[in-house]
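Please read the structure below before turning to the comments.
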Amino acid sequence: MLERFVDDAARRLSPADAKILRKAIDDARPMFVRIQVGREEFVPRLRTELMADSFDPVRLKSLFDTLHANDAKLRSELEARLVETLSRLSPEGRLRLAESRLP
């Protein structure tokens with residue numbers, strides 16, 4: 001989905017703005033991997049808690065708290081990258097992004 005958005009958006013942008021957008025996405029790939037890994041690791045942990053002989057609501061709450069804290073940290077990083085990238089685009093580039101189908 002993200003790749004399709006970037007490809008579609010890049011076609012509407014000037015070559016310079018498209019380069020900025022593509023570089024920002026490439027630079028953010030490790031962050032996207034961390035998001036995916038976090039989601040993939042959560043499900044087995046949740047399943048383990050649900051299948052435990054002795055249900056521990058405190059431990060389950062801690063699992064959710066950790067998930068939310070990690071999500072907040074990654075969301076903050078994503079937002080900072082987005083602001084930085086958008087500030088580097090030309091005004092016309094930002095306008096074209098606004099007119100496109102945002103993810």
Practice problem: Would you mention how many residues in the stretch 20-33 are within 14 Å of residue 77 (Cβ to Cβ) and surrounded by fewer than 15 Cβ atoms within 10 Å (Cβ to Cβ)? | Solution: 6
Practice problem: Scan the stretch 28-45 and report the pairs whose first residue is more than 21 Å from residue 60 (Cβ to Cβ) and whose second residue is surrounded by 10 or more Cβ atoms within 10 Å (Cβ to Cβ), with Cβ atoms within less than 7 Å and a gap of 6+ or a chain change. | Solution: 28/81; 31/74; 31/77; 31/78; 34/74; 35/74
Quiz prompt | Set 69, 28: member being more than 23 Å from residue 14 (Cα to Cα), among the small types (Gly, Ala, Ser), within 16 Å of the chain's Cα centre (by Cα) and in a helix (DSSP H, G or I) | solution = 69
Self-check item: Residues located in the stretch 1-25, provided they are of a type in the set (Asp, Glu) and not in a helix (DSSP H, G or I)
Solution: none
Quiz item: Consider residue 4 against the criteria (1) basic (Lys, Arg); (2) under 14 Å from the mean Cα position of the chain (by Cα); (3) exposed (fewer than 12 other Cβ atoms within 10 Å of the Cβ): it satisfies all of them except one. Which criterion is unmet?
Solution: (2)
Self-check item: Matching residues, the stretch 84-103, being of a type in the set (A, V, I, L, M, F, W, C) and either surrounded by 15 or more Cβ atoms within 10 Å (Cβ to Cβ) or in contact with a Lys or Arg (Cβ under 7 Å, 6 or more places away or on another chain) (or both)
Solution: 86, 89, 97
Self-check item: Single match in 89, 60 (criterion: closer than 26 Å to residue 33 by Cα, more than 24 Å from the chain's Cα centre (by Cα) and at pLDDT 95 or above)
Solution: 60
Quiz item: In the stretch 34-55, which residues are loosely packed, with under 12 Cβ neighbours inside 10 Å and more than 30 Å from residue 84 (Cα to Cα)?
Solution: 43, 44, 47, 48, 50, 51, 52, 53, 54, 55
Quiz item: Can you name the residue in the stretch 42-57 that is within 24 Å of the chain's Cα centre (by Cα) and not charged (D, E, K, R) and is also nearest to residue 25 (Cα to Cα) among such residues?
Solution: 42
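The values are calculated or read from the model by the stated rules, or taken from the named source; none is laboratory data. Note that this is a predicted model, so its numbers are computed, not measured. Neighbour counts are summed over all protein chains in view; Cβ atoms, including those assigned to glycine, are modelled from backbone coordinates with ideal geometry.
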